[in-house]
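The values are calculated or read from the model by the stated rules, or taken from the named source; none is laboratory data. For clarity, every value in this text was computed on a predicted model and none was experimentally measured. Don't worry about glycine lacking a Cβ; one is built from the backbone with ideal geometry, like all the others, and counts go over all protein chains shown.
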Amino acid sequence: MKYMNVGSIIHLSILSLLNRRLAVLLSICAIAVSVSLIFTVEKLRQDAKRSFADTISDTDLIVGARSGSVQLLLYSVFRIGNATNNISWRSYRSISDRDDVLWSIPISLGDSHRGFRVMGTTRDYFEYYRFGRGKMLELDGGKPFDDVFDAVLGAEVAADLGYKLDQRMIIAHGIGKGGFTKHDDKPFRVAGILKRTGTPVDRTVHISLAGITAIHVDWKAGAPIPGMSISADAVRKMDLTPRSITAFLLGLKSRLGAFKALREINNFSKEPLLAVLPGVALQELWDLMSTAETALRAISIVVVFGGLLGMLTMLLTNLNERRREMAILRAVGARPHHVAGLFVTEAILITIAGIVGGLCLFYAGLFLFQPVIEDIYGLFISVTAPTVNDLMILLYLLAGSVVAGLIPAVMAYRQSLSDGIIVRN
Amino acid sequence: MIEICDIRFRWDSEAPVVLNIPSFQILAGELVFLEGPSGSGKTTLLNLLSGMVLPEQGSVSVNGEIITRLTDGARDRFRADHIGVMFQMFNLIPYLSPLANVTLPCSFSSRRSTMAAKNGGSLASEASRLLTRMQLDDVATINSPAYQLSIGQQQRVAAARSLIGSPELIIVDEPTSALDNEACQMFIKLLFEEVKKAEMTLIFISHDTRLAEYFDRRISLVDINQIA
């Protein structure tokens, strides 16, 4: 017969916990903080990955100078780091003219405007570039660049700098926040502003390849040629076909042909080139980041462990004070396992309260900081229900709380057996 | 009511024998005063009678049941159903209200729960009836934890708890040692009234021999315990 039902043990546990509310509250807080931390880490991990993966879509190959595939992916798509080398326009032409190529987007990097990178490209970029799940770039206002000195701004560039259409802007040579030589003899005009994409496109200033050539026409080896200055108007009349570009994106007629094209580009005889499949390069990037991910996870697990330890300490500290309580319970007919159950129940209740608190903390933080994170880091954090993975983590935490509760429970069990009905002083 | 037959007890096999009682009986309805100097094994006897520990040999039967033959679980259940226990002090679960303390045994025994409900209409009304009988009318309605009560009040709440659901046997261990003379007299008077009314058997362990005169029988543990 199990007359002492689970309900009355839970009832006793709740009253006992309320009796020590300060210590209990602190234990709950420790667990809540650890739960919200582990959820935040998981969320950032998943959303950073998703954000990265959403930056490029429908591109079959990325081609650049021979270096590492992750490096190529980072500088061509994410505007992180720099290219080691350029590739010649002639190579680009010969590859983009292949029969299996549906479209190509040349990319020329190396200049900046007030901390935002400037990318030279063609109008094909606005037609063929896809992000997210095959979404096209859309203009919030204006038009794609037409003139040599037209620029199309990413949403964040326009928002951050407060630029409007037709505004004039000077492009700096090199990448950084100033202190660089400026191409101030050839100002650009804001021709269009893109809608927000949640990708590095938002932080990019797009100009035509001709524009890139134009601002460097009187430059050599990264510096203006002394005594030589060609005005903007004079430049317009020159041949502005670039001699080299940084990288290019390829869309193939058939996705199945990607491997064949990849092999052929990598064996391109006239110049050492590197072609990568975006998905494969992303995977390599994940592999690179997995160490950091593991470290972050390990830290969150340690924090959760700390939360459980805090609770265990509280339960153990009270054990001795509660010997009489246990003896009374035994005297009125409680079985040793009821006494043990009391401690396990308390541990579970504290953990459940901690989980609920942690989830509240996490979602409150998510709502509060989501716009800020998007603004500052360009990382769009979606507010979603906990995933199966998250629920598994909570399940492990609950299991951990049972284990933590079992320690004082076993001790109380033994104590109540050896104390008998009367606690001798 | 209680029949002890040839028991020997020690806390572990190395320790000296604490109890060696060849034969000892208590009749149903008897009010027994059990005395003995400290260290004479009173507490051990209490543990044996309530089925918390088992003797090395011999048998203990309570209310017709040979409890030394029962399993651990069955003994715990037997105690819950048939024995009301009360200690020297610190009888109450500190975080429960006085009323919840009184009804506590009913969470562990359906028999006492049923009995209590039958006696008083409901668990709570039986508990407040007992508290009122213990002259604690004002305490019955208090919803704050029991540790705020005075020691005398706590002992009377504990008495009400041991009485609820009419267990056949009440064992009290020096319940009056923390009380002054007046409170002590009142306590015994109230306890006796309820015990007699419900025809319970009472074992009152104490070293305060002045109280012995109120009881049916006075037993010295030194006389029945034949150690050494």
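Scanning segment A:184-230 for residues that are closer than 18 Å to A:T122 by Cα, at pLDDT below 90 and not in a helix (DSSP H, G or I) yields a single hit, A:H216. The numbered conditions (1) out of contact with any strand residue (DSSP E or B) (no Cβ under 8 Å at 6 or more places or on another chain); (2) small (G, A, S); (3) in contact (Cβ under 8 Å) with a residue 40 or more places away in the chain are all true for B:A212 except (1).
Would you please name the residue that is farthest from A:R414 (Cα to Cα), looking only at residues in segment B:50-62 that are modelled with pLDDT under 90 and under 19 Å from the mean Cα position of the chain (by Cα)? Among those residues, the one meeting the criterion is B:S50. Filtering B:T103, B:T114, B:T68 for residues that are more than 29 Å from A:L18 (Cα to Cα), of a type in the set (V, I, T) and crowded, with 18+ Cβ neighbours inside 10 Å leaves a single hit, B:T68. From the list B:P22, B:P16, the one residue that fits, being surrounded by fewer than 21 Cβ atoms within 10 Å (Cβ to Cβ) and touching a helix residue (DSSP H, G or I) at 6+ places or on another chain (Cβ under 9 Å), is B:P22. Contact annotation: residue pairs with Cβ atoms under 8 Å, 6 or more positions apart or on different chains, pairing a residue in segment A:233-248 that is more than 30 Å from A:L102 (Cβ to Cβ) with a partner that is in a loop (DSSP other than H, G, I, E, B), are A:V235/A:V148; A:V235/A:K186; A:V235/A:V217; A:R236/A:V148; A:M238/A:V217; A:M238/A:I230. Just so you know, in segment B:143-160 the residues that are aliphatic (A, V, I, L, M) and surrounded by 23 or more Cβ atoms within 10 Å (Cβ to Cβ) include one that is farthest from the chain's Cα centre (by Cα), and it is B:A146. If you go through segment B:71-92 and pick out every residue that is more than 15 Å from the chain's Cα centre (by Cα), surrounded by 16 or more Cβ atoms within 10 Å (Cβ to Cβ) and at the interface with another protein chain (Cβ under 7 Å from one of its Cβ atoms), you end up with 1. Restricting segment A:379-399 to residues that are touching a Gly at 6+ places or on another chain (Cβ under 9 Å) and assigned to a loop (DSSP other than H, G, I, E, B) leaves a set whose member that is modelled with the lowest pLDDT is A:L379.
Name the helices (runs of 4 or more DSSP H) wholly within segment A:1-117 that hold at least 3 residues that are under 30 Å from A:V339 (Cβ atoms) and of a type outside the set (A, V, I, L, M, F, W, C)?
Here the list reads A:6-19, A:21-55.
Whether a residue is surrounded by 12 or more Cβ atoms within 10 Å (Cβ to Cβ) and under 22 Å from A:R133 (Cβ atoms) was assessed, and A:K260 does not pass this test. Taking the listed residues A:D233, A:D287, the one that is more than 31 Å from the chain's Cα centre (by Cα) and part of a helix (DSSP H, G or I) is A:D233, with no other qualifying.
Contact annotation: no residue pair with Cβ atoms under 7 Å, 6 or more positions apart or on different chains, pairs a residue in segment A:10-21 that is over 14 Å from A:A347 (Cβ atoms) with a partner that is β-branched (V, I, T) and assigned to a helix (DSSP H, G or I).
Selection of segment A:292-307 for residues being of a type in the set (S, T, Y) and in contact (Cβ under 8 Å) with a residue 60 or more places away in the chain yields only A:S300. Name every residue in segment A:66-104 that is hydrophobic (A, V, I, L, M, F, W, C), touching a Leu at 6+ places or on another chain (Cβ under 7 Å) and at pLDDT 90 or above, in order of residue number. Across segment A:66-104, the qualifying residues are A:V70, A:L72, A:L73, A:I87, A:V101, A:L102. Taking residues in segment A:136-163 that are not assigned by TED's automatic domain parsing to the domain that holds A:P187, and partners anywhere that are at pLDDT below 90, not one pair has Cβ atoms closer than 8 Å while being at least 6 places apart or on different chains. Among the residues of segment B:50-61, those identified as surrounded by 22 or more Cβ atoms within 10 Å (Cβ to Cβ) and within 10 Å of another protein chain (Cβ to nearest Cβ) are B:S50, B:G51, B:M52. Can you find a residue that is hydroxyl-bearing (S, T, Y) and over 16 Å from B:V32 (Cα atoms) anywhere in segment B:184-207? No, that holds for no residue. The residues listed here are B:G64, B:G39, B:G121; of these, the one that is at positive phi, within 13 Å of chain A (Cβ to nearest Cβ) and out of contact with any Asp or Glu (no Cβ under 6 Å at 6 or more places or on another chain) is B:G39.
For segment A:24-52, a residue qualifies if it is crowded, with 17+ Cβ neighbours inside 10 Å and of a type in the set (G, A, S), and the qualifying residues are A:S27, A:A30, A:A32, A:S34, A:S36, A:S51.
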